[in-house]
Structures are given as structure tokens and as C-alpha cells.
Amino acid sequence: MRSMTAMSLGRRIGTVLKEELRSKGEWRDSLMAAAFRAIAERIPLANLVVEVRDARIPLSSECEILRNYPLPHKQIIALNKMDLAGASNVKAWVEYFRERKCISCGVNAHNKENIRQLLSLIQCQVRELKKHDQCDNNYTATVMLIGIPNVGKSALTNALHQVGRINAAEKGKLKHATVSPEPRVTKDIRSFKIGSHPNIYVLDTPAILSPKVPNAAVLSKLILTGAVEDCLLRRKEVAQYFLAIHNSSDQYKKWAKLYTKDNDRSFLNGITEQLTSSELLMKHKSQTPTDHTQDCIVQDVRRILFETISSLEGDIKCEDEMLALIDRQFSALQETFHVSVECEEDAHDKVAGKLLNLFRTGRIGHYILDHLPGKIQ
């Protein structure tokens, strides 16, 4: 259940971001506007559209261009990054879309079995299209991948291209779409072969946003998941929003038995006893205190989040109590992340950056930011 504080913080950063985007005109630049027009022209020519959405925000990551332009016969909604949302959550959303006559599936672009399932679904839809078109054996289908920034279109394209070529025993050099954790890296439309008999080509397209700036609630989720760059806001504010969501969820309870201090010491002592002196030396050399992605640091982050929430004596539903808890968590995480205390504001900004990175890469739990319509938030 989402707390009132989390919703309040979300609205606050969404409202601030909306005002910044309007005043600076940075919602859509000329390149994105051109990409929007190019994609709109090609949609009616495609045989199939795969709309890639972020599984954590299945509604907020909708690509609105598909509402306004003629669609081909078939459309698939691919809920990418399902590993960050949790299988059971994604399953509920797939059922939600099925009830509305929409074909959808959960997918993780880095899981080959998931990619094979998505490819099989695409091939099935293409075969149906081929039957209706009554074409000859030279039938070729074009599949467009469309989505907002940072939903993983290019990663899906590469995975489909690789698995599709292997399945079809294709020879030749693999092409690669540019992949980055930063949004809006793909600049043009490129074609990749993903199937034979019939031939299927997928078009990787630049990320596009709706012409109008969305409401504050949607904006807050887009910035938290990284679909919109957070350079227009202080990262601390975005991280506070995440912590409010985390603190009001049950995620921390999963770490109760695994991340107590005693268990951590026992685990580390057991590992140390099994390592030789040379292995220990190599282990210490490979670790950098400021590298927050190390397993030991991630474990400490989970432990701190568990301990700070479980030891709270006040009412977490009270906004003042929640904000005080978040302040304590920032102070504790500052030490865990080995961030200098020379300037508190700069330190908190660095802590926020590291924490948001762990959230966006799924290192500190599964989260769904959009709630199924009709469910109490």
C-alpha cells in the first residue's frame, strides 16, 4: 500500500519537474519531434507493433503515439524489465491486459528463455498475418519496436536479433543496436533480421514522448525509473520519493533473517576461513570501498533499510515520522557508501545517486509503481 507521504513526495517532484520542463522547453527537443514524425509515418506500413513498456510502470510508460495513429492488424505489449518488477506482479498485469483484449507478455531482455518466448509470440502473430494476407512463400514481415525512453528497446532488439539468427541458422556478422542505461541514446531507425520462413525484420526506433507533458503523478514515476533524466531535480528529492515508497512496502521484511549484523559476521567469517591468504589478498584488491555495486555493500544497504524501518517507534503513516526516518536512512547510507561528509548537501546527493542506481538495477528489491486500476493504493 502506497503511503500518503510517498504520494505527496511524488506529486511534489512531479509538479516541480513539470514547471521546469515547461519553462525551459526541454520535454521534447527537435530530434525527438522529428523521430515522432518518422515513426508516425511508418506505423501504418508495419505488419506488427511491439510496444515496449517498463514492467514497473505498465500504464505510465504507455507510448501515446499509438492512441493517435492508425495501427496495423496486430499489437503486442512487451513489459520489459520484469526482473525489476517481480514475476507475480507482471503476471497480474498480463491478465489485466488480456481482459482488455490486448496481447502482452513479461520479458527480461537479458534472459534468453524470455527472449525465445517473445520471439515465438511475434512469429505466431506473423504467421496469422500471413494467412490473412494469402501471400506467397516470399512473405516478409516488418515489426516495429516503439517505446518511451529507457524501457530497453535496443536491448530487446539485440537479444531478438541474436536468438532469431541462431534459431534460423543464419550466417554473417551480428549487428548491434546501441544500448545505454541513459535515456534517448538511439537516434535513428534501424532494421535487424530476427526470423526466416517467413522473413521477419524488427525496426529499432528512437525513444519518443507524447507532445504534451504528462501529469505530475506520471512524471514522478518516469523520473524515478530513469525514463526522464533527473538533471532538472536534485537527486536527493528523487531518492526521498523512492525511500518513502520502500518504507511503506513490505520489501524490507524479506531481509529480516538474512541481513542481521550477527548473520553478516558469521557469513563473512565462514567465507574468510575457506580462503587462502593469496585469495584474500586478491579479494581485497578487487574491492573498492566507493563501489556501491559490490555484494557486500548491497547487503549492508539492505540491512540498514531493514533495521531503520523495523526499529521505528513512531507511526510511519505520519509524514513527519516518515521524513525523519528518511533523514536517518540517508545518514546511515552515507557511511555505508563511504561518502565524504565535507558538505552535507553534496554528500546526500552522492548517496542519492548510488541508492537510485541500486533501485534502477534491481539490487534492492522488486517494485511496481503503477497499481492495477480498481485496487486500493
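Set the Förster distance to 35 Å, then compute FRET efficiency between residue 102 and residue 293 from the Cβ-Cβ distance, nearest 0.05.
Working: r = 36 Å, r/R0 = 1.03.
After rounding, the FRET efficiency stands at 0.45.
Rolling a 1.4 angstrom probe over the stretch 18-97 with all protein chains present gives an accessible area of which 48% lies on carbon and sulfur atoms.
Annotation for the stretch 314-328 versus the stretch 39-108: alpha-carbon center distance of 37 Å. Compared with the direct C-alpha span, the chain from residue 197 to residue 110 gains 28.8 nm at full extension, assuming 0.36 nm per residue.
Give me the number: length gained by fully extending residue 15 to residue 319, i.e. 0.36 nm times residue separation minus the C-alpha to C-alpha distance, one decimal in nm.
On the way: separation 304, 0.36 × 304 = 109.44 nm, distance 1.87 nm.
Extra length from residue 15 to residue 319 when fully extended: 107.6 nm.
Using the Cβ-Cβ distance between residue 33 and residue 232 with R0 set to 22 Å, the FRET efficiency works out to roughly 0.70.
The values are calculated or read from the model by the stated rules, or taken from the named source; none is laboratory data. Here the structure is a predicted model, which is why all the values come from computation and not from measurement. When we count neighbours, we look across all protein chains shown, and the Cβ atoms used for this are built from the backbone with ideal geometry, even at glycine. Side chains are part of the model used for accessible areas, which takes the heavy atoms of the whole protein and leaves out ligands, DNA and RNA. Shrake-Rupley method; radii C 1.70, N 1.55, O 1.52, S 1.80 Å.
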